[in-house]
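*Asks:* First the structure, then my questions, so here it is.
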Amino acid sequence: MAYRWVATSVAGFVQQLAVSYIAHGYLFYVTGRIPEGKDPARTDAKLIAQYGLDVSKWTRARRRKQGQASVQYLRYSGWFVLVATHGEHPFFAAEGNQIRDCRRQPLPFMGYALGCRKGRDGKWHASVRIARERFRELKQCFAALAVPRSVAELGAEFRRIEFEPYAPVRDQLRLLLRAVNRRRQAANLELVPPTVLRRRRAVARPFA
């Protein structure tokens, strides 16, 4: 299969990065943005050639057995990321101190924070959350709407939230709903039911 790297949607980009890369040990990353007016295809070709990314999964598997890192490239519009596993690779020397570890510094993208957290089982798992600043904005927005708006109107506002309901996102949205209902309870108003929250994320086709 030909190497694919251009995600066609925000949801597809997030899914590919979290589910296919971070969850499989791609913990180190470098992000970049292609300037307006510059052909993204030229940047794509340069990075793919520089790091030898257009190889089969069998070649990647063989390299990893030999202690070499595996590197992937992913782009949405003008925004791109290079991610790498543990091991040896020219990527680490070339990118140097620009490299971040998503276990310590979640990768920011379109209001998401994509990282890796240790679960109760002691293992590292991919984590997709609403970024702190964006979540703060949502809390402020819903605090202002909690009392003036009706249950139906608030339900519509919750359904308009653009973030896919990964487990950490669902936890954040439940916190948001509880904050809204505390204000409504204090004002002796009908509470907003939890059914307004989307529980299942739509499975994306990242490169469709």
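*Asks:* Using Cα pairs closer than 8 Å and at least 6 residues apart in sequence, work out the relative contact order for the chain, in percent. Could you put the intermediate results ahead of the total?
*Replies:* Values: 279 pairs, mean separation 49.4, N = 208.
The value is 24 percent.
*Asks:* Could you name the lysines in cross-link range of Lys57, using Cα to Cα under 25 Å and dropping any fewer than eight places away on the same chain?
*Replies:* Output for Lys57: Lys46, Lys65, Lys123.
*Asks:* In nanometres, what is the gap between the two model label sites at Asp121 and Glu88, each 7 Å from Cα along Cα-to-Cβ?
*Replies:* 3.3
*Asks:* When the expected Rg is taken as 2.2 N^0.38 Å, what fraction or multiple of it is the alpha-carbon Rg of the stretch 131-196? List each step's numbers first, then the result.
*Replies:* Values: Rg = 11.2 Å, N = 66, 2.2 N^0.38 = 10.8 Å.
In units of the globular-protein estimate, the stretch 131-196 measures up at 1.04.
*Asks:* Mind giving me the FRET efficiency for Ser9 and Gln185? R0 is 45 Å, r the Cβ-Cβ distance, nearest 0.05 is fine. List each step's numbers first, then the result.
*Replies:* On the way: r = 38 Å, r/R0 = 0.84.
E(calc), rounded to 0.05, equals 0.75.
*Asks:* Given bins 10 angstrom wide, list per bin the percent of all Cα-Cα distances in the stretch 64-133, short to long.
*Replies:* Spelled out bin by bin, the stretch 64-133 gives 17, 43, 34, 6, 0 percent.
*Asks:* With a cut-off of 17 Å, note down the residues of the stretch 33-56 whose backbone N falls inside the zone around a label point 7 Å from the Cα of Gln98 toward its beta carbon.
*Replies:* Residues passing the 17 Å test: 33-36, 38-53.
*Asks:* Would you mind computing Rg(Cα) / (2.2 N^0.38 Å) for the chain, counting N as its residues? Walk me through the intermediate numbers first.
*Replies:* Values: Rg = 20.1 Å, N = 208, 2.2 N^0.38 = 16.7 Å.
In units of the 2.2 N^0.38 Å rule of thumb, it is 1.20.
*Asks:* Let me ask you something else. Give me Rg/Rg_expected for the stretch 1-122, where Rg uses Cα atoms only and Rg_expected = 2.2 N^0.38 Å with N residues.
*Replies:* Numbers: Rg = 14.2 Å, N = 122, 2.2 N^0.38 = 13.7 Å.
Computed over Cα atoms of the stretch 1-122, the ratio equals 1.04.
*Asks:* May I pose another question? To the nearest 20 debye, what is the magnitude of the charge dipole of the chain about its Cα centre, counting +1 on the Cβ of each Lys and Arg and -1 on the Cβ of each Asp and Glu? Don't skip to the answer; put the middle values down first.
*Replies:* Numbers: 38 positive and 16 negative charges, 142 e Å.
The calculated dipole for the chain is roughly 680 debye.
*Asks:* For the stretch 167-183 and the stretch 86-134, compute the distance between their C-alpha centroids and round to whole Å.
*Replies:* Rounded to whole Å, the Cα centres lie 24 Å apart.
No lab work stands behind these numbers, since they all come straight from the coordinates. Owing to the predicted nature of the structure, the values given are computational and were not obtained by experimental measurement. Please note: Cβ atoms are built from the backbone with ideal geometry, for glycine as well, and neighbour counts cover all protein chains shown.
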